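Just below is one structure, and these are the notes that go with it.
Coordinate-derived values only; no laboratory data. Note that this is a predicted model, so its numbers are computed, not measured. Neighbour counts run over all protein chains shown; Cβ positions are idealised from the backbone, glycine included.
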Amino acid sequence: MSTATILGPDGKSRCRWCAAAPEFLAYHDAEWGFPVNDDRRLFEKLSLEGFQSGLSWRTILAKRENFRVAFHDFDFGRIARFTEHDVRRLLKDEGIVRHHGKIEAVIHNARQARELIKREGSLAAFVWRYEPDAKRLAKPQTVSTSAEASALSKDLKKLGWKFVGPTTVYAFMQAMGLINDHVEGCVIRAKVERARKSFRRPGLTI
């Protein structure tokens, strides 16, 4: 992603990447970078980032609603009970990415998420422990991973998760608001910063 900005339809500056596809603008303005503590949404994003591996985010975003239908709105409790019948069903679903390994990884990770929550209280409480110190962050959109993303990736892998490499996890952290990676000058950066300041970090009292 470029560090430059572009003018949106309202004449205000935004991260250049949101001009790459028509559907990116709404995603950039309303979702990307705003902090999330809902376990389903966090699991969804990790799953979709896994599906994106080797593909473009535009492909995944265009199919997101189909993914939500196919995976029961990413209810990992339900997904954890999927069987080979469900795998075969999903491999026939033209509305999603029909990749056997990635489909099985979502089912496998749903089971890992269920076990993690038994130990940690929530998926949110676990992942937000890896929020980096904003003072030590690289300039926005200049790196594709970080020490914190690598640490979270490593720990998820130790717990048995699949398709959670450092780059995938960094993209997850950008999107879910663990970092504010909107470029300086982007009109949404200040909105995300305000949201992050008022955001109650999960698991701080656990």
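Data table
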quantity: Highest average packing first - 62-72, 146-156, Cβ atoms within 10 Å; calculated: 146-156, 62-72
quantity: Net lengthening on full extension, F199/A20 (0.36 nm per residue, minus Cα-Cα); calculated: 61.5 nm
quantity: Rounded Å value of the spacing that divides the Cα centres of segment 121-145 and segment 167-195; calculated: 10
quantity: Furthest towards positive pole of dipole, V97, V87, W128, structure part segment 85-206, Cβ charges; calculated: W128
quantity: Helix-only mean residue ellipticity at 222 nm for the chain, each DSSP H run of n ≥ 4 adding -39500 (n - 2.57), per residue, nearest 500; calculated: -15000 deg cm²/dmol
quantity: Spherically averaged projected area of segment 17-198 from its Cα convex hull (nm²); calculated: 10.2
quantity: Calculated from backbone phi, Karplus (6.51, -1.76, 1.60) coupling profile of segment 143-153 in Hz, x at Gly/Pro; calculated: 10, 10, 7, 7, 4, 5, 5, 5, 5, 5, 4
quantity: Cβ-placed point charges (K, R +1; D, E -1), dipole of the chain about Cα centre in debye, nearest 20; calculated: 320
quantity: With Cα atoms, 0 to 90° folded angle of helix 100-120 axis to the chain main axis; calculated: 80
quantity: ³J(HN,Hα) computed for each position of segment 66-83 - Karplus, 6.51 cos²θ - 1.76 cosθ + 1.60, integer Hz, glycine/proline x; calculated: 5, 4, 4, 5, 5, 10, 6, 6, 6, 6, 5, x, 6, 4, 4, 9, 4, 10
quantity: Residue order, fewest to most beta carbons within 10 Å, for H99, H85; calculated: H85, H99
quantity: Length-normalised contact order for the chain - Cα pairs under 8 Å, 6+ apart - percent; calculated: 30
